[in-house]
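Note sheet for the following structure.
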Amino acid sequence: MKYRRLGKTDLKVSVVGVGTWQFGGDWGKDFDQREVDEILTRAKELGINLLDTAECYGPHHMSENFIGDFLSRDRREDWVIASKFGHQWHEQWENAWDAKQIRIQLEESLKALRTDYIDLYQFHSGSDEVFNNDEMWTMLDKQVQAGTIRNLGISIGSNRNIYQTDKAAELNAKAIQVVYNRLDQAPEEEVLPSCLKQNLGVLARVPLASGYLSGKYKPGTVFSDKVRRNRDQDEINAKLKLVEEIRQKEVPEGVNMAEWALAWCLKHPAVSCVIPGCKSVDQVEMNAKAVEQDLVNEEHPGAWK
């Protein structure tokens with residue numbers, strides 16, 4: 001595994017992390033604790049140390065609870081835990097942007113994760129209107145001072161949201177999470193340059209473009225999971241056709257496409273870590289192999305020396 005410093009933080013993060021939205025059941029598979037334990041144990045063996053989760057990944061902090069149960073039997077200090085705030089899913093999705101509500105969310109996340117601190121606590125894809133909340137950021141800064149939050153971050157909803165990105169340093173946020181992959185390069189226009197200018201860490205989410213870049217799917221594929229099943233089929237087919245063209249023209253012969261796609265993200269000088277989801281031990285092993293691709297430059301500005 002290779003490691004990079006996450007922006008201005010003191011966090012040494014593996015360049016490949018584990019996104020854990022799938023643990024909440026939205027991606028077509030229901031997990032149990034044994035399966036989560038196997039994935040996270042193997043991830044640790046491979047040198048992965050960053051887990052990205054959220055308060056709304058499954059009802060009642062489901063993803064966080066799976067992670068917390070695992071952490072209660074492992075060494076918490078070996079992991080960089082990133083979570084988020086602003087939404088919640090109990091019986092249904094709800095937005096909760098009031099400072100008092102977010103403080104409660106933080107306490108619930110800490111309880112679910114079986115920890116007394118979160119390494120990176122991220123504003124979760126909210127509008128600019130709810131983002132501009134001095135009371136919220138003051139409360140969060142007090143939690144940083146108290147040590148329950150080690151670092152603040154912003155997970156931008158739109159990968160063109162330069163407003164929130166540009167405000168990061170002013171709000172003591174030290175990392176940006178953004179959708180970035182070979183099919184969606186919009187962050188290269190403004191967001192990633194702003195991150196470089198401010199020395200912000202970057203977590204690239206959806207690096208496999210919701211699985212399109214995994215190389216497993218062909219035009220005509222019909223998805224049944226909660227996330228992709230309502231997407232326009234013509235759009236899905238067009239993306240999968242483009243993926244096939246990329247495979248033929250850009251991916252070296254004999255190279256696994258998913259590994260190549262993750263490495264493609266990591267070659268950008270702003271990107272600290274990619275956070276693909278994984279449904280099995282085999283998938284986490286495949287994701288980790290991305291570091292073997294030539295695109296993952298040892299001289300990256302964030303490389304841990």
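Data overview
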{"quantity": "Matching residues, region 287-304, being open to solvent by 50 Å² or more (accessible area, probe 1.4 Å) and in contact with a helix residue (DSSP H, G or I) (Cβ under 7 Å, 6 or more places away or on another chain)", "calculated": "289, 295"}
{"quantity": "Test: residue in region 125-132 that is closer than 29 Å to residue 237 by Cβ and crowded, with 23+ Cβ neighbours inside 10 Å", "calculated": "no"}
{"quantity": "Lone unmet requirement of (1) at pLDDT 95 or above; (2) open to solvent by less than 20 Å² (accessible area, probe 1.4 Å) for residue 278", "calculated": "(1)"}
{"quantity": "Residues within region 66-91 that are polar (S, T, N, Q), under 26 Å from residue 9 (Cα atoms) and open to solvent by 10 Å² or more (accessible area, probe 1.4 Å), tallied", "calculated": "1"}
{"quantity": "Whichever residue in region 238-262 is within 20 Å of residue 285 (Cβ to Cβ) and in contact (Cβ under 8 Å) with a residue 60 or more places away in the chain and, among such residues, is farthest from the chain's Cα centre (by Cα)", "calculated": "261"}
{"quantity": "Residue list for region 238-293, restricted to those being among the β-branched types (Val, Ile, Thr) and within 22 Å of residue 12 (Cβ to Cβ)", "calculated": "271, 274, 275, 284, 291"}
{"quantity": "Candidates 157, 153 - the one that is within 21 Å of residue 67 (Cα to Cα), open to solvent by less than 50 Å² (accessible area, probe 1.4 Å) and either in contact (Cβ under 8 Å) with a residue 24 or more places away in the chain or not acidic (Asp, Glu) (or both)", "calculated": "153"}
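The values are calculated or read from the model by the stated rules, or taken from the named source; none is laboratory data. Small disclaimer: the values here were computed from a predicted structure and weren't measured. Quick reminder, even Gly has a Cβ in these numbers, built from the backbone with ideal geometry, and neighbours come from all protein chains shown. Ligands, DNA and RNA are stripped out before the accessible areas are found, and what is left, the full protein with its side chains, is counted by its heavy atoms. Shrake-Rupley method; radii C 1.70, N 1.55, O 1.52, S 1.80 Å.
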